[in-house]
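Since the structure comes first, as structure tokens, the remarks are kept for the end.
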Amino acid sequence: MPFHFRLEKVLKVRQRVLEQRTREVAEADRARQACLDREAAVAEAYRSVSEAEPAANGALLDVRDLAEQALRLRRLGELRLEAARATLAATIELDQQRQRLTAAWRDVEVLKKLEQRRRDQWDEEQRRAESRRLDEVGGIRADRLRRSKVSS
């Protein structure tokens, strides 16, 4: 009779959960990377607007140009803050997903170790049973040999 692990179905379910958690971590990582990219793009836009020289008509600066630049900088500052918040939220989500992945991995490993221990126990029981059978066969042969010597 071959070895049968009674918790095989549970192990398969846990392995599917582990695969799902792996996909969730990958998705959370992609979302975080998108947030980081957005944050970098907004920071670059802010830098380029803040470093831009307002166009001057002669020696006078146009007040409207300065006001527009100030509004753009303010809006980009708000966008930069929003992007930083989104990045922080995505980082927190990624950490939570990683913790779930670690827990799922641990669950699978516990069951695999249990399966291996049970398999080792089963193998040992099979070896002992085989040894007993061989001892019985050897005992029967020894009895037959003794009887045949006594009869002769």
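The values are calculated or read from the model by the stated rules, or taken from the named source; none is laboratory data. Because the structure is a prediction, the values reported are computed rather than measured. For neighbour counting, all protein chains shown are included, and Cβ atoms are generated from backbone atoms with ideal geometry for every residue, glycine included.
Computed values, structure above
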read-out	value
Residues located in segment 1-57, provided they are modelled with pLDDT of 95 or more and either in contact with a His (Cβ under 7 Å, 6 or more places away or on another chain) or of a type in the set (S, T, N, Q) (or both)	15, 20, 22, 33
Single match in 72, 16, 85 (criterion: basic (Lys, Arg), in a helix (DSSP H, G or I) and either under 30 Å from residue 126 (Cα atoms) or in contact (Cβ under 8 Å) with a residue 12 or more places away in the chain (or both))	72
Single condition residue 136 does not satisfy, out of (1) modelled with pLDDT under 95; (2) surrounded by 12 or more Cβ atoms within 10 Å (Cβ to Cβ)	(2)
Candidates 63, 110, filtered to the one that is of a type in the set (A, V, I, L, M) and exposed (fewer than 12 other Cβ atoms within 10 Å of the Cβ)	63
Pick from segment 116-133, criterion among the basic types (Lys, Arg) and in contact with a Phe, Trp or Tyr (Cβ under 8 Å, 6 or more places away or on another chain), ranking: surrounded by the most Cβ atoms within 10 Å (Cβ to Cβ)	118
Flag if residue 98 is at negative phi, touching a residue at least 40 places away in the same chain (Cβ under 8 Å) and among the basic types (Lys, Arg)	yes
